[in-house]
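Remarks on the structure that follows.
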Amino acid sequence: MSRRPDNPQSDPSSSDRSSSVVEDWTELRTLLLAPEQTQLDELRDRLDGQVVQARDVGRVLPEAFAVRGDHDEPLSTVLAPYVESGFVTAVRKSPRTIVDAIAPIMGPAIRQAIARALQSMTQSFNRSLDESLSVRSLRWRVDAWRTGRSFAEVVLLHTLRYRVEQVFLIHRETGLLLHHVATDAAVVQDEHVLSGMLTAIQNYARDSFGASQDQTLDQFQVGDWTVWVEQGSQAYLAAVIRGTPPTSLREDFRDVLDHIHAKHTDTLARFKGDAAPFKTTQTQLETCLQAHYETPRPDPLKAWILVGLLLLGAIWLGWTTYQNQTRWSMLLTELKATPGLVVTAAKSTWGAYYLEGLRDPLAKDPSELVAEAGFDPTVVKAVWSPYYALNPELVLVRAETMLHPPDTVKLTMEGDTLVATGSASETWVGETRRFAALIPGVSRYRDEKLLTHSVAELLDRINQTVVRFGPGVSTVGPSEQRVLGIVGVALRSLDEAAAHTGQRVVLEVLGSTDSTGPAARNAQLRKERAETVLASIGQHHIGEHTTVITDIVRSAASNGSQTEVGSRRIVTLRAFLTTAGAENETARP
Amino acid sequence: MIQKKICMLGGFAVGKTSLVRRFVTNVFSDQYRTTIGVTVERKSLVVDDHDVTLMLWDLYGEDEFQRLRESYLRGSSGYIIVMDGTRQSTLDGALALQQTAARTLGPVPFIAIINKADVRAEWEIDDRSINQLRERGWTVLFGSAKLGQGVDELFTLLATQMLKASPPSGVPS
Ligand SMILES: Nc1nc2c(ncn2[C@@H]2O[C@H](COP(=O)(O)OP(=O)(O)O)[C@@H](O)[C@H]2O)c(=O)[nH]1
Ligand SMILES: [Mg+2]
């Protein structure tokens, strides 16, 4: 234990003295420290007393806030709920005051919002008017009709396509470019000059209309592009937009601009031309490069047209195929029905046609039938092998082409027998008898009804003919007519015979009268009678190898030997053969 | 890179546009084309190892539109006052313009140039008036946009002064 000499209790004999010492000490302390003591007591009172403290805090509160606020945010965080609830209470208690206070701020903002809404409405209305006459509008009208939407709505839907191509962050006062972002598609000229010009244009517009500093040029249009300007206190955003942007885009710009302002308050305020710090706004600005593309829906109208066309094509194809098929079968029937044609094979594949068969050389040309059926002869490939058809009509044609019968002969087929009737020269009759059975399709030949005549016989028949007339008449009677018919046939045959031998037939028609009546009248009669007889024989019986002489009347009359004949009312015929070209001499013996 | 906005000030047809064109594109045209409103041009140059981009605002020179000019002036780091040596009146206009500029912009650097030095013989502005301007503290240069005289010097000098007036960060003043 340590010894404490100054301890009064250590010496019991001195207890009185020590108590007096304590009193002295207290007195001394009171004497020395009385004023401080009072102050201390006062301080303690102040610290304990609520009223005093509140007054003191109130005195330093503004500075305290200022000091705290400069450094960090906890203060505002702590205060925020109280301010908020305080505000709510205030609004509840006296809304009028609040309204009065914010009206000047809200008024212009609301007015601007309404103006913008109206503007976009008129814009879309104008657009729908513009579009109402275009081809596009027609499509949209169809769209509207199909979807049951209003036309204006459809137009709006279609035009709500846009792309923000460039965004400029521009220092408001100097017009200097702080930062610039652009899409790859954008055509970027000199963004610095553009910033300056944009600023100048805004100044110009504002000055020209005598507008105040906060009335700004918010938007202008250059061709397909719209330039939107979003104003901030230090900087503004200018966005070059292609197409028609929605108004909601402005809110995004606003947010970005506000964000940049909040983040770069100092840098903006102190801006002296160094844009480097604003490189950090890149990502912010890039969020403004929005684009809205219309999803390329398959055009239903186009699909319809396509389906329609396909359908039409199918119908057309079906129709033509059907038509061709019908024509084809009709052609085949036709070919089969044609004498001398035998179809052995027929094929039709995809517009190509193939025919194979037998064809008599004398049959109708099958390509003619093909063309008649309406086919292009080039698409129908046909192979015809020659053959002799045994159809009676073809056999007949064949016989006629091979035998060259004279006009006086008529050929017919009776089954497989060739029959000749009429009259013909001996030569033709003889030759035909030899060859007829050799003609394909002819198995027998008959000519028992065919008159054969020699040249002499024919001449006799003609020369014996005498046509009689009534007195003073030049008309031919019915019996004479019949006789002259035979003469005609004979003349015809004679003509053919002459043709064979290279000679000419000369026919003299000699008219006569009786000796009564005036000579002039008789001469007239003679002439008329000769002509009548010639007419009765018929010009068609006079072949090209025959020469007719009628004007021998006069010379005959002067001839004395003819007197006997000359005194009768008759016409006599005289035919003879002569070598071709010499008939004139022979005609006048 | 530092950008600076510069305004070209001066009366009608003193040669503002010609000076800017000579400086930016190094061409000169005798044809006079009225500048409508304002034209902004850009020219980059290096001053004291700094890349400086000058945005040259060429205002139209109609003197009756003073009010308009103030809004264009705002934000300029410096300006150029152009006078036409052959017209005394352009000097009086220059004085008024300088006052407007100083009022709007405060004490920013500016340089005055008396243009059309190539026709010195026709000058109306005499040495006495020029000296008076210099006594006011003006930097007065002579130049010719036509010949390209004094043009680069004009802009380089102003750029230097502007950099001095507000040095870019990281450079001791
Ligand atoms: N001789 C001469 N003429 C000039 C010169 N600079 C400009 N000009 C002419 O002065 C006229 C006005 O020039 P301009 O640059 O358009 O003047 P601004 O109205 O101030 O822009 C034009 O006809 C120019 O050709 C120069 O240095 N010398
Ligand atoms: Mg000009």
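Before moving on, here are some points about what is shown:
- Of the residues making up segment B:104-144, those that are of a type outside the set (Val, Ile, Thr) and in contact (Cβ under 8 Å) with a residue 12 or more places away in the chain number 19.
So that you can scan it fast, the table gives a plain yes or no per residue for (1) away from chain A (no Cβ under 14 Å); (2) farther than 28 Å from A:Arg270 by Cβ; (3) part of a helix (DSSP H, G or I):
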| residue | (1), (2), (3) |
| --- | --- |
| B:Thr104 | no, no, yes |
| B:Ala112 | yes, yes, no |
| B:Ile125 | yes, yes, no |
| B:Ile130 | yes, yes, yes |
| B:Arg134 | yes, yes, yes |
| B:Leu141 | yes, yes, no |
| B:Glu153 | yes, yes, yes |
| B:Ala159 | no, no, yes |
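- The sole residue among A:Thr408, A:Thr321, A:Thr333 that is at pLDDT 85 or above and of a type in the set (Val, Ile, Thr) is A:Thr333.
- With respect to (1) surrounded by fewer than 19 Cβ atoms within 10 Å (Cβ to Cβ); (2) outside the structural domain of A:Ile537 (by TED's automatic domain parsing), the lone exception for A:Gln481 is condition (2).
- Members of segment A:535-546 that are of a type in the set (A, V, I, L, M, F, W, C), buried (at least 16 other Cβ atoms within 10 Å of the Cβ) and within 14 Å of A:Gly477 (Cα to Cα): A:Ile537
- Boolean, A:Gly148 is assigned by TED's automatic domain parsing to the domain that holds A:Thr265 and modelled with pLDDT under 85: yes
- The set of residues in segment A:218-245 being modelled with pLDDT under 90, touching a strand residue (DSSP E or B) at 6+ places or on another chain (Cβ under 6 Å) and among the hydrophobic types (A, V, I, L, M, F, W, C) consists of A:Phe220, A:Trp225.
- Top-ranked residue in segment A:266-286 [being more than 12 Å from every other protein chain (Cβ to nearest Cβ), free of Cβ contacts under 8 Å to residues at least 40 places away in the same chain and among the polar types (S, T, N, Q); ranked as nearest to B:Ala159 (Cα to Cα)]: A:Thr280
Here's the yes/no breakdown for (1) among the aromatic types (Phe, Trp, Tyr); (2) more than 16 Å from ligand 2 (Cβ to nearest atom); (3) at pLDDT below 90:
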site: B:Gln3; (1), (2), (3): no, yes, no
site: B:Leu19; (1), (2), (3): no, no, no
site: B:Tyr32; (1), (2), (3): yes, no, yes
site: B:Glu41; (1), (2), (3): no, no, no
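- Residue in segment A:466-485 that is in contact (Cβ under 8 Å) with a residue 12 or more places away in the chain, charged (D, E, K, R) and farther than 14 Å from A:Thr532 by Cβ present: no
- Enumeration of residues in segment A:178-192 that are crowded, with 17+ Cβ neighbours inside 10 Å and within 7 Å of another protein chain (Cβ to nearest Cβ): A:His192
The values are calculated or read from the model by the stated rules, or taken from the named source; none is laboratory data. It should be emphasised that the depicted structure is a prediction, and the values quoted were computed from it without experimental measurement. Please note: Cβ atoms are built from the backbone with ideal geometry, for glycine as well, and neighbour counts cover all protein chains shown.
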